[in-house]
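> First, the structure itself, so that you have it in front of you.
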Amino acid sequence: MQNQHEIIIETENLGKTFFVGSREIEVLKDVNLKIFSTEFVVIFGPSGCGKSTLLNTIIGLEKPTHGKVFTRNQEIYALTEDERGILRSKKMGIIHQMSYWVKALNVLENVAMPLLIEGEKQHRAFLHAEKILEELSIINLADQLPNQLSGGEQQKVALARALITNPWIIIADEPAGNLDSKSADEMMNLLVRLNKETKRTIVLVTHNQDCWELGNRRLEMKDGQIIKDEYHG
Amino acid sequence: MDRRFILRIVYKNLRSRKLRTLLTLSGIVIAISAIVFLLSFALGIEKLVTNEVTKGDAFLLLDVGTGNSQLVKLDEKTISEIKDLADVRTVSGIINIGAKAQAKDRTADISFYGTDKQYLSWSGLTLQSGQSLSDNARKTIVINTAYAKLLQLSPQDALGQGIKFDFTIPKELNDLSEEKVVEGQNYVVVGVVQDDSAPKAYTHYQNLIDLGATSYSQLKVEANSKNQIEKVRKQIESTGLKTQYVGDTVSQIEQVFVIFKVVLASFGFVALIVALLGMFNTLTISLLERIKEIALMKMLGMRNKDIKKIFVTEATIFGIAGGLFGLFVGIILSQIANMILNYYATRSGGEPVSVFYYSLKYILIIFAASFLVSFVTGFYPARKATKIDSLEVLRYE
Ligand SMILES: Nc1ncnc2c1ncn2[C@@H]1O[C@H](COP(=O)(O)OP(=O)(O)O)[C@@H](O)[C@H]1O
Ligand SMILES: [Mg+2]
C-alpha cells in the first residue's frame, strides 16, 4: 500500500556517532527508512535510543556521521546551512516537547514567523496566521504573549506555527511530553484529525503507550536501530 | 524577510526592556550632547574672536611697513606709487614719534601720531567725545581715554584742553641723519577716542610734515576687493616693503582653534566611547538572553543575514535615536548656558553675545558618526548570534 504514495523522507544507511571526550557513542546505526506522503508514523522506544537524534538529522540540524537524508529526492546535507534553513522553514513543520518563542512577540506574530522567514509580506503572513489560529480554534489567543499561556495552549500554538507554511511533513518530538493527560489527548486528537481530514504526513515521537495505536504505521527503535516497522489500522 | 517585521521584532524587544533601553539610550544622548555642546562652544568662541579681528573693512586692508630695512622709506613718493597700483582704492599713513607732553602741571612721555581720520577709523578707534581729525584743522589733537584719565579729565571735560609738546622725530622719519627735536608746540584737544591701553595723542599728519617729518611709520592700503589683496600684496612686497594682513591672523586663529576643537571634541568622544561600551554591553546581554530565541529562529529556518539584521538594526536605532536626541539636547543645553551667560553679561554692562555656534556641517558629521559607530558596534553581537548552534541550545532542557 505504501508504494502508491510519494516518498517524503528517505534515509540511507544513516549513522551518527557522538564523541564525548575520548568516548564514542554510536547513537544511530545504519538506519534505512522511507516515509511516504499521507502517512501518520508513530516512533517509540526507550529513552536514549536515538529518536530525537533521528528527527534532528532528518530536519537538517544534525549532520550524520555517515549515510544520507533525502527529502523528496533532495539530498539535504549536500545543501548549505542556509539552504537547509529554507527547506526547513518551507517544507517541514516542527514541534518539540518544549515550545520556544520570540518572547516579545505575541501569538499571532510568532505563528506568522515561518511565513515571514520564507519571505512573505507582513500583512499577508498575519492574515494567514489568523486563518490557521481559527482552524485550530485558538484565535482568541492571538494577542497574548505565548509565555503567558498554559502548556496545552502553547503546544497548540506551536502546531499552528508548524502548519502555517503548509509543509510536506509535520515532525513532532514528544509534543505532549510536558502536558497533563487532558491537554495531551487534545493535542493527539488534533494531530489525528489533521492526518485524516487534510491528509497531512505526520511523524510523531512519543513514549506514551496510549498513543502507539494512533496513526497507521508504528516504528520501534532500540539502541539506534529500527527493530520493528509495521502498518496497522 | 520583510523589513517591517525585522523592525517589529527589534521594536518589541526594545519595548519589553524599557529601563535598559532607556539607560543605554541616555548614555548615547549624553555623549552626543556633550560633543555638540563642546564643539559648538569652540566654534562660537572662534567666531567671536575672528569677528573681533576682522571688524569693519579689515579684510580689504593691508598694513605696510619697512620691516627693519634702511633701504626703503614710506615717503610721499612711495605712497603715490602704491596709490597708482591698479587695484588700490586709497592709502593712509601714520607717523609715530615720541613726545613729552605738559598739561595741567603734569609732564608725561606719550606716543604721538600724525595721521588722518581714515586711518583712525580703520584702526577701530571710536570717538567718545568731540570730533575726529580733519584735513584743515591745524594744531588740534585727538587723545585717547587713557591719556584723558592720566590728566584726570572726563572725555567731555578734556575737550578744549591745551597741551604743550616737545617732539622727537627719529632719524628714520626725517631727512637729517640724526633725530630732530622740536620744542614748545601747543595743541588743543578736539576729540577723545576710546582706548585705555597707553596714553596717546593724534594730530593731522600735515602738522608733523610741517615740523620736518618726511616719512610714515606705517601705511594702511585699501584694496578694491578682497580677491585683489594677494595681488596688491605681491606688488607692494616686490619693492622691498613688508605687509601684514588680518587674513593671516585669521588663519592663525583657525589653526589654534583646530587644536581647541580637537581637545574639546575628544572629551566628547571619550563620552561616546563609554556610551558605546554601554550599548555593546546591552546588545551582548540581550544576545545572551535571547540565545534560545535565536536558536528557535534558526530552527525555523531564518537566514543568518536576517539574524544579523536584527542586531545591527537594534544598534543602529540606538545610534539614530541617540544621535537625534543628543543633537537636540546639546543645542537646548548650550542655548540655556548662553542665556545664563548673557544674563550676567548684560547685568554687568556687557553686550549680549552668542558663545555657541552651530555649523550644519558639524551637526551632520556628529549625526553620521553616531549612526556609523553604532552600526559597527552592532556587528559583533550580530556575528555572534549567527554562530549560535540551535541544536546545542534546544536539545537539553
Ligand atoms: N550532542 C550530543 N553529544 C553527545 N551525546 C549525545 C548528543 N545528543 C544526544 N546524545 C546521546 O545520544 C543518545 C540518544 O539521544 P536522543 O536521540 O536524544 O534519545 P531519545 O530522544 O530517544 O531519548 C543519548 O544517549 C544521548 O545522551
Ligand atoms: Mg528525545
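> Over what distance in Å are the Cα centres of region B:216-282 and region B:311-337 separated?
That distance is 30 Å.
> Mean Kyte-Doolittle of at least -0.5 and a Cα length of 18 Å or more along the axis: which whole DSSP H helices of chain B meet both? Before the final figure, lay out each step's value.
Working: long enough: B:3-16 (20 Å, -0.28); B:18-53 (51 Å, 1.46); B:246-289 (62 Å, 1.57); B:304-347 (64 Å, 0.80); B:360-377 (25 Å, 2.10).
Those that pass (Cα extent of 18 Å or more, hydropathy at least -0.5) are B:3-16, B:18-53, B:246-289, B:304-347, B:360-377.
> Of A:207, B:204, A:5, A:96, which has the most accessible area and how do the rest follow, probe 1.4 Å? Show your work: numbers first, answer last.
Working: A:207 110, B:204 10, A:5 75, A:96 45 Å².
Order by accessible area, largest first: A:207, A:5, A:96, B:204.
> Specify the residue with the greatest mean-square fluctuation among B:254, B:351, B:293, computed from a Gaussian network of chain B linking alpha-carbon atoms under 10 Å apart.
Maximum fluctuation in the GNM of chain B, among the listed residues, is at B:351.
> Using +1 on the beta carbon of Lys and Arg, -1 on that of Asp and Glu, and nothing else charged, what's the dipole of region B:92-214 about the Cα centre, debye to 20? Intermediate values should be presented prior to the final figure.
Details: 11 positive and 14 negative charges, 62 e Å.
For this selection, approximately 300 debye.
> Another one. May I ask what percent, to the nearest 5, of DSSP beta bridges between residues of the protein assembly as shown are antiparallel?
Given both bridge residues lie in the protein assembly as shown, the antiparallel proportion sits at roughly 70 percent.
> Let me ask something else about it. Could you do me a favour and compute the accessible area per residue for chain A, 1.4 Å probe, result in Å²?
Working: 10570 Å² over 233 residues.
Per residue, chain A has an accessible area of 45 Å².
> Pick from B:71, B:153, B:22: which is most flexible by mean-square fluctuation in a GNM of chain B where alpha carbon atoms under 10 Å apart are linked?
It is B:71.
> Rounded to the nearest 500 deg cm²/dmol, what is the calculated helix-only ellipticity per residue at 222 nm for chain B, with -39500 (n - 2.57) per DSSP H run of length n ≥ 4?
Working: 14 runs with 219 residues, N = 397.
Rounded to the nearest 500, the figure is -18000 deg cm²/dmol.
> Accessible area of residue A:161, 1.4 Å probe, to the nearest 10 Å²?
Around 20 Å² of this residue is reachable by solvent.
> Rg and Dmax of region B:45-113 over Cα atoms: what are they, in angstrom?
My reading of the Cα-based Rg and Dmax gives 17.6, 51 Å.
> Then there's this: Long-range amide H contacts for residue A:94: which residues qualify at under 5 Å (H placed 1.01 Å from N, peptide plane, sequence gap of 5 or more or a different chain)?
For residue A:94, the qualifying residues are A:171.
> Among the residues of region B:283-331, which ones have their accessible area go down by 50 Å² or more when all the protein chains sit together, as opposed to their chain alone (1.4 Å probe)?
Output list: B:293, B:296, B:299, B:300, B:303.
> Hey, another quick one. Quick one: among A:24, A:153, A:109, which has the greatest mean-square fluctuation in a GNM of chain A with alpha-carbon springs under 10 angstrom?
A:24
> Suppose R0 equals 51 Å. What FRET efficiency, 1/(1 + (r/R0)^6) with r the Cβ-Cβ distance, do residue B:89 and residue B:379 give to the nearest 0.05?
On the way: r = 61 Å, r/R0 = 1.19.
Calculated transfer efficiency: 0.25.
> Roughly what % of Cα-Cα distances in chain A sit above 23 Å, to the whole percent? Can you show the working numbers first?
Values: 13097 of 27028 pairs.
When every Cα pair of chain A is considered, 48 percent fall beyond 23 Å.
> Further question: Compute the accessible area of each residue in region B:379-393 twice, once for its chain alone and once with every protein chain present, using a 1.4 Å probe on heavy atoms, and list those whose area falls by at least 40 Å².
Buried-area filter returns B:391.
> Which of the residue pairs A:91/B:309; B:361/B:387; A:16/A:91; B:18/B:384; A:68/A:91; A:51/B:292 have a Cα-Cα distance greater than 29 Å in the structure shown? Before the final figure, lay out the partial values.
On the way: A:91/B:309 24 Å; B:361/B:387 40 Å; A:16/A:91 24 Å; B:18/B:384 24 Å; A:68/A:91 18 Å; A:51/B:292 22 Å.
Long pairs (Cα-Cα over 29 Å): B:361/B:387.
> Along region A:15-24, what does the Karplus equation 6.51 cos²θ - 1.76 cosθ + 1.60 (θ = phi - 60°) give for ³J(HN,Hα), rounded to whole Hz, x for Gly and Pro?
Each residue of region A:15-24 in turn: x, 9, 10, 9, 10, 10, x, 9, 8, 10 Hz.
> For region A:7-231, what is the charge dipole size about the Cα centre, in debye to the nearest 20, if Lys and Arg each add +1 at the Cβ and Asp and Glu each add -1 at the Cβ?
On the way: 27 positive and 31 negative charges, 68 e Å.
In debye, rounded to 20, region A:7-231 gives about 320.
> Right, here's the next one. Calculate how steeply helix A:107-118 sits against the longest principal axis of the alpha-carbon atoms of chain A, using the helix alpha-carbon long axis, and give the answer as 0 to 90 degrees to the nearest 10.
The helix A:107-118 is inclined about 60 degrees to chain A.
> I would also like to ask the following. In nanometres, what is the gap between the two model label sites at residue B:324 and residue B:238, each 7 Å from Cα along Cα-to-Cβ?
Those two pseudo-labels are separated by 5.9 nm.
> To the nearest 100 Å², how much accessible surface do chains A and B hide from each other in total, with a 1.4 Å probe?
Details: alone 11920 and 21580 Å², together 30760 Å².
Roughly 2700 Å² of accessible surface disappears when A and B pair.
> Sort region B:137-274 into rounded, prolate or oblate with this rule: let a ≥ b ≥ c be the square roots of the eigenvalues of the Cα gyration tensor; rounded if a/c is under 1.5, and if a/c is not under 1.5, prolate when a/b is larger than b/c, oblate otherwise. Mind dumping the intermediate values first?
Values: a/c = 3.07, a/b = 1.63, b/c = 1.89.
Oblate, because a/c is 1.5 or more while a/b does not exceed b/c.
> Given a 1.4 Å probe and every protein chain left where it sits, what share in percent of the accessible area of region A:55-168 is carbon and sulfur?
Numbers: 2050 of 4550 Å².
Roughly 45 percent, rounded to a whole number.
> Can you give the % of DSSP beta bridges in region B:92-214 that are antiparallel, to the nearest 5? Don't jump to the answer; show the numbers that get you there.
Values: 28 of 38 bridges.
Roughly 75 percent of the beta bridges in region B:92-214 run antiparallel, per DSSP.
> Using a 1.4 Å probe and counting only protein heavy atoms, arrange A:51, B:77 so the residue with the most accessible area comes first.
Working: A:51 15, B:77 140 Å².
The ranking, largest first, comes out as B:77, A:51.
> Calculate the spin-label point distance for residue B:19 paired with residue B:185, positioning each point 7 Å from the Cα along the beta-carbon direction, and give it in nanometres.
Between residue B:185 and residue B:19, the simple spin-label model gives 8.4 nm.
> I would also like to ask the following. Would you grab the residues whose amide H sits under 5 Å from the one on residue B:131? Only those 5+ places off in sequence or on another chain, please, with H modelled 1.01 Å from N.
Placed amide hydrogens put B:191, B:192 under 5 Å from residue B:131.
> Separate question: What does the extension gain come out to for residue B:343 and residue B:69, with contour length at 0.36 nm per residue minus their alpha carbon separation? Let's see the in-between values first.
Values: separation 274, 0.36 × 274 = 98.64 nm, distance 5.12 nm.
Length difference between fully extended and current span is 93.5 nm.
> Ok, one more. In whole Å, how far is the Cα centre of region B:131-199 from that of region A:62-106?
What the calculation gives is 99 Å, centre to centre.
> Just to verify a number: what accessible area does residue B:267 come out at with the full protein assembly present, 1.4 Å probe, Å² rounded to tens?
130
> At a 1.4 Å probe radius, carbon and sulfur cover how many percent of the accessible area of chain B?
On the way: 11840 of 20190 Å².
The computed percentage sits at 59.
> Rounded, prolate or oblate for the protein assembly as shown? Axes are the square roots of the Cα gyration tensor eigenvalues, ordered a ≥ b ≥ c, and the cut-off for rounded is a/c under 1.5. Walk me through the numbers on the way to the answer.
Values: a/c = 5.37, a/b = 4.04, b/c = 1.33.
Prolate, because a/c is 1.5 or more and a/b exceeds b/c.
> How big is the dipole moment of chain B about its Cα centre under a simple scheme where the beta carbon of each Lys and Arg is +1, that of each Asp and Glu is -1, and everything else is neutral? Debye, nearest 20, please.
Numbers: 45 positive and 37 negative charges, 627 e Å.
It works out to roughly 3020 debye.
> Same structure again: For region B:1-68, report the accessible area per residue in Å² (1.4 Å probe, heavy atoms, rounded to an integer). Please list the in-between numbers first.
On the way: 3350 Å² over 68 residues.
Per residue, region B:1-68 has an accessible area of 49 Å².
> Still on this model: Please work out how much accessible surface residue A:101 shows to a 1.4 Å probe, ignoring ligands, DNA and RNA, in Å² rounded to 10.
10
The values are calculated or read from the model by the stated rules, or taken from the named source; none is laboratory data. Note that the structure is a prediction, hence the values are computed from the model and not measured. Positions of Cβ are generated from backbone atoms using ideal geometry, with glycine treated the same way; all protein chains shown enter the neighbour counts. The area values use the complete protein model at the heavy-atom level, side chains included, leaving out ligands, DNA and RNA. Shrake-Rupley method; radii C 1.70, N 1.55, O 1.52, S 1.80 Å.
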